Amino acid sequence: MSQPKTVSLFIQCLVDSMFPEVGEAMVNLFDRLCIPITYPADQTCCGQPAFNSGYRKQAAEAAAHFLNVFADAEVIVCPSGSCVHMVRHHYPLLFEDDPAMLQRAQQTAAKTFELSEYLVDILGITDTGSTYAGTATYHDSCHLSRELGIKEQPRQLLRNISGLHFVEMNDSEKCCGFGGTFSVHYPEISTAMVDDKLDAILASGADTVTGCDISCLMNIKGRASRRGEKLQVLHIAQLLEPVHGGSHE
Amino acid sequence: MSKQSERASYTDLAHQGLKNAPLQKGLRGIQQRYGQGALHIWDSFADPSLRKRVKAKRESTLAHLDIVLEELTKNIEQRGGNVFFAPTAQDAVNYVLDLASKKEVQRVVKGKSMTSAEIGMDEALEQAGIKVVETDLGEYIVQLNQDTASHIIAPCIHLDRKQIGRLFHEKLDIPYTDDPPTLTQEARKALRKELLSADMGITGCNIACAETGHISLVSNEGNIRMATTMPKIHVALMGMERVAATLDEHASLLQLLTRGAALQKLSTYVSFQGGPSEKGSPDGPEEFHLVIIDNGRSKILADPDFQEVLSCIRCGACLNICPVYGRIGGHAYNSPYSGPIGAVITPLLHGINNHADLCKGETLCGACKEVCPVENDLPRMLSVLRHKLAYGDPQWNVTPHNKSEHRFFSLWSRLVRTPKLYHILIRLSGVLQRPFLSRDNMVSKLPGKFHGWTTTRDLPPIAESSFRQKWLQNKIASKNVVRKGQKD
Ligand code: SF4
């Protein structure tokens, strides 16, 4: 392979503040793969909460900030499908009436990837050489699977983790009920939905659930904790991490 | 429908739905079988591009809707049928009431029609002293129960057979049974009497075809065939978008409709109606009236953001896959149109502010878009509706929905563009959360708005050091860090 591109880490805001270990796992993973990384420290939030709530003006302001922060990036990799969906599909929409910004948005969209997508589709890596002792199932988060079409990539990566027994749950593509502010505005409906998800996970026989979006996992983890379920909830980066893989038991 | 003041809220009705055990069972059944089933059909369809092609045809028909409707009208009138164009619900209702009074109609039998519910047809007829009987089994049950439909295809999905058994026992005066075949036989007996003695049959219209000048109605019970041929007068109520320009488009839509709705290659019955019976023919009505209803549809048609929704063929597949509908059921939507399609069409027809909860009460998961036979991008339209609610939109008479939310996002926007302050505030929240941490290091009780999360869920805490902090303090070990352009 020619000199690999330097990856600019796009650390989703929730990962940054609540799950920094996911970001660290990514760093370790890229390190092991000898891929140079950088982290533009002025990044904040991609603007998704505002966009999904209808506040497109504010979302566009956040988007413009993002475009500035990542202006020099060779390639941008993010451990969240919904944030990549935001950048890839909604940024161009936000600037459709501003040709100069639109062009920047499209250029940035074209070099922004979700982690499993980047590993499998761009780098051609399906085996990260990690190990994990446990039975894991995979939750397809909505924007990742339906809007980005990323379904097989994470599964390929998971199947190649040594020691990991992979099982599918029923309705893995069904929404977990998070939906951003939906989960706060309509908590009862959201809870009923995450209960369905949790039941499907437990019925699969898995002791670990993983996925590519921390927001869904946070929802699942939060409900599992309240229900007192014994379940490991880990972001896929944590399972792929060569050093720490298997050490979460 | 616009009785806002007496209306229970989306949230309250959703809670009732969540607690309704027969509804939950019915929803689970229908979603497992039909929602997943429809997805599977599209995945394994011999003609994988059919949906895309049909959508393109729908869009072209909608772009020329005036011409298409003119052709439909001309062809039906040539065959001796009557066509009335109703700008509003009231115009449609008045037309039918006038007709009923002129023809001294006393008894009306109905085929299942959401358009009829949309315009309030049954109530108007009843107020005029006319007996109205629904003949679709599900609608009949709902009518006996003085209830409203909770699914656009399966109206009584919220009732189980025990409830229906008790209802029939009470209303039809038969011994209690919860045996479905027996109950169906009893309904059939009662309905046949009505069908044979009615003076007018009122149906909806699944798909009209301009090229041939006919309307098509699908059913699995045969009630439509009787309701459209036994009474002397047949009135079909049709939303103005429910028309195909050509027989070819019509045929494709029919294929998609029955597959999307019930996984059927074709429904048990398809009735084609295009006018009164021909002279000397013993079958068919003496008069045929097609009422084409606008009632807000022109406005939808004129807005490029929403025009697409008029491609809908009301198959119900989006209800059968939607994880929100699948838990709350149809009554929460306060409209004959429930589920994802209802969440888009109801605000557009009856006021976006009035139905703000419908615009906001979904997760935008995209399952409806994936299953829709005409590939309607309902999540996109919900997002546009939210955009209108955020800032208001005079064109749609929308006023800003939530001023404090607006203020919040304005402040938030300033923060996300001021990284230092943004990250300080997050660190501060980490300190403020401390009193809320439970033994297992989860946040189990939050004040204010976030209370909604912690009533049923725990929240992982804000980490002591964020990723950014660790990075800036060089606490993240990596051999390959490129620190160019990094300022601490
Ligand atoms: S929006 Fe699509 S899936 Fe939903 S009822 Fe209409 S045609 Fe069917």
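The values are calculated or read from the model by the stated rules, or taken from the named source; none is laboratory data. What you are looking at is a predicted structure, and each value in this text was computed from that prediction instead of being measured. For neighbour counting, all protein chains shown are included, and Cβ atoms are generated from backbone atoms with ideal geometry for every residue, glycine included.
Test B:LYS449 against the stated conditions and say whether it is farther than 30 Å from A:TYR39 by Cβ, surrounded by fewer than 17 Cβ atoms within 10 Å (Cβ to Cβ), of a type outside the set (Val, Ile, Thr) and within 7 Å of chain A (Cβ to nearest Cβ). Full working, then the answer.
Details: farther than 30 Å from A:TYR39 by Cβ: yes; surrounded by fewer than 17 Cβ atoms within 10 Å (Cβ to Cβ): yes; of a type outside the set (Val, Ile, Thr): yes; within 7 Å of chain A (Cβ to nearest Cβ): yes.
Taking the combined requirement at face value, the residue satisfies it.
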_Pairs please, first residue from segment B:197-215 and more than 21 Å from B:LEU97 (Cβ to Cβ), second anywhere and part of a loop (DSSP other than H, G, I, E, B) and of a type in the set (Ser, Thr, Tyr), Cβ atoms under 7 Å, 6+ apart in sequence or on different chains._
B:GLU211/B:THR246
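To keep it simple, each residue is scored yes or no on (1) without any contact (Cβ under 8 Å) to a residue 40 or more places away in the chain; (2) within 30 Å of B:PRO87 (Cα to Cα); (3) within 14 Å of the ligand (Cβ to nearest atom).
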| site | (1), (2), (3) |
| --- | --- |
| B:ALA236 | no, yes, no |
| B:HIS250 | no, yes, no |
| B:LEU253 | no, yes, yes |
| B:ALA262 | no, no, yes |
| B:PHE272 | no, yes, no |
| B:LYS279 | yes, no, no |
_Elements of type strands (runs of 3 or more DSSP E) in segment A:141-249, at least 3 residues being at pLDDT below 95 and among the hydrophobic types (A, V, I, L, M, F, W, C)_ = none
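If you check B:THR228, B:THR212, B:THR246, which single one turns out to be away from every other protein chain (no Cβ under 14 Å), among the polar types (S, T, N, Q), surrounded by 22 or more Cβ atoms within 10 Å (Cβ to Cβ) and more than 16 Å from the ligand (Cβ to nearest atom)? Before the answer, list the steps.
Details: B:THR212 fails: surrounded by 22 or more Cβ atoms within 10 Å (Cβ to Cβ); B:THR246 fails: surrounded by 22 or more Cβ atoms within 10 Å (Cβ to Cβ).
From the options B:THR228, B:THR212, B:THR246, the qualifying one is B:THR228.
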_Any helices (runs of 4 or more DSSP H) falling wholly within segment B:281-351 and containing at least 2 residues that are touching a Phe, Trp or Tyr at 6+ places or on another chain (Cβ under 8 Å) and more than 16 Å from the ligand (Cβ to nearest atom)_ = none
*Restrict the check to segment A:143-150 and report whether at least one residue is surrounded by fewer than 15 Cβ atoms within 10 Å (Cβ to Cβ) and assigned by TED's automatic domain parsing to the domain that holds A:GLY179.*
yes
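Scan segment B:266-280 for residues that are closer than 30 Å to B:GLN32 by Cβ and outside any strand (DSSP E or B) and report the count. Talk me through it step by step, then tell me what you get.
Filtering segment B:266-280 down to residues closer than 30 Å to B:GLN32 by Cβ leaves B:266-270.
From what is left, the residues that are outside any strand (DSSP E or B) are B:266-268.
So the answer is 3.
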_Could you check segment B:395-410 and list, in sequence order, the residues that are of a type in the set (Phe, Trp, Tyr) and within 16 Å of A:ARG56 (Cα to Cα)?_
B:PHE408, B:PHE409
*Of all residues in segment A:180-217, how many are crowded, with 21+ Cβ neighbours inside 10 Å and touching a residue at least 60 places away in the same chain (Cβ under 8 Å)?*
12
